[in-house]
């Protein structure tokens, strides 16, 4: 965390970069404290520092409060509402490479931590992140109220992220609000199934892979199209850049289509997996909200695509020609296309039947 705070403020000569770093640092310090307080309560409830340790008799309330505080700390890391205020400013103020790091690796890492917490509580022991787990009685007692709070955060993230993105004129700020919306979709993977059914987070990992690739690729393409000015990322500045640099323009279009969840992109497969799982658990209304929010988000991405290919550039900008950037964009686009065509190479996204839930492999344990 300390390293990413420093990276956000690398552009020290720009006021917005310093503001973003300070806001991110202060809020990060607060939520690190929240997370640590949650771990203290979980230790009091279980007598262990292991993820998924069995809850001691009569200490369910301590476990619930501890899990809620730990989840709040991790939801801050992924930029979920109502812990999202840092995200748009940090995405805009940071250098584009750092923005890509935050949007891809940091977010996926945050969800990995949340997934480990969720499955560990459900199983009452450490388990692999791709396991299908039928919650124990004590685990379900903790997860049921926590699931309600997390689903509320997910719905708020969908609405705030997608509708706020419609008003943005900065590409990186648009992607910042988009990140909030995508955090909402990934958080929906934590909807609790009916009693006796297995929790399966593999839909989350499919979505996370598609989102991470599209984010890293899109920000690299935007940086290349903006030329030498790392801070120049307004929508009007991309007018006609797709015609000037068709490789970057075509790749960025693929990434934006994946963000929007347009078929048959990897983003569509991820949204279909997550929303389909929510529907299978009986959450029709939640899935409907997610679908409506996705339409609003698609409108925001369409604005960018129209600017990208409409007419000719209004001014001459030397498009980035760095070999590493070009190859990074191309590789990300190829992976998005390849995984769309061959999603079977990724973990299954459907929950295992309750009667045939596989034995969970042990996961790494943090003492």
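The values are calculated or read from the model by the stated rules, or taken from the named source; none is laboratory data. All figures in this text were calculated on a predicted structure; none of them were measured in a lab. Because the Cβ atoms are built from the backbone with ideal geometry, glycine has one as well, and the counts that use them run over all protein chains shown.
The table that follows gives values for the structure above.
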{"item": "Those helices (runs of 4 or more DSSP H) lying entirely in region 1-97 with at least 1 residues farther than 28 Å from residue 159 by Cβ and either over 18 Å from the mean Cα position of the chain (by Cα) or in contact (Cβ under 8 Å) with a residue 40 or more places away in the chain (or both)", "result": "2-8, 15-46, 60-78"}
{"item": "Members of region 170-183 that are touching a strand residue (DSSP E or B) at 6+ places or on another chain (Cβ under 9 Å) and buried (at least 21 other Cβ atoms within 10 Å of the Cβ)", "result": "171, 176"}
{"item": "Check on residue 355, over 19 Å from the mean Cα position of the chain (by Cα), modelled with pLDDT under 65, assigned to a helix (DSSP H, G or I) and surrounded by fewer than 19 Cβ atoms within 10 Å (Cβ to Cβ)", "result": "yes"}
{"item": "Scan of region 180-195 for residues that are touching a helix residue (DSSP H, G or I) at 6+ places or on another chain (Cβ under 9 Å) and assigned to a loop (DSSP other than H, G, I, E, B), ordered by number", "result": "191, 192, 193, 195"}
{"item": "Test: residue 158 is within 30 Å of residue 17 (Cα to Cα) and either at pLDDT below 85 or buried (at least 23 other Cβ atoms within 10 Å of the Cβ) (or both)", "result": "yes"}
{"item": "Where residue 55 falls short, out of the listed (1) more than 25 Å from residue 217 (Cα to Cα); (2) surrounded by 18 or more Cβ atoms within 10 Å (Cβ to Cβ); (3) modelled with pLDDT of 85 or more", "result": "(3)"}
{"item": "Any chance residue 139 is in contact (Cβ under 8 Å) with a residue 12 or more places away in the chain, surrounded by fewer than 24 Cβ atoms within 10 Å (Cβ to Cβ) and over 21 Å from the mean Cα position of the chain (by Cα)", "result": "no"}
{"item": "Per-region count, region 184-199, residues in contact with a strand residue (DSSP E or B) (Cβ under 6 Å, 6 or more places away or on another chain) and surrounded by fewer than 24 Cβ atoms within 10 Å (Cβ to Cβ)", "result": "1"}
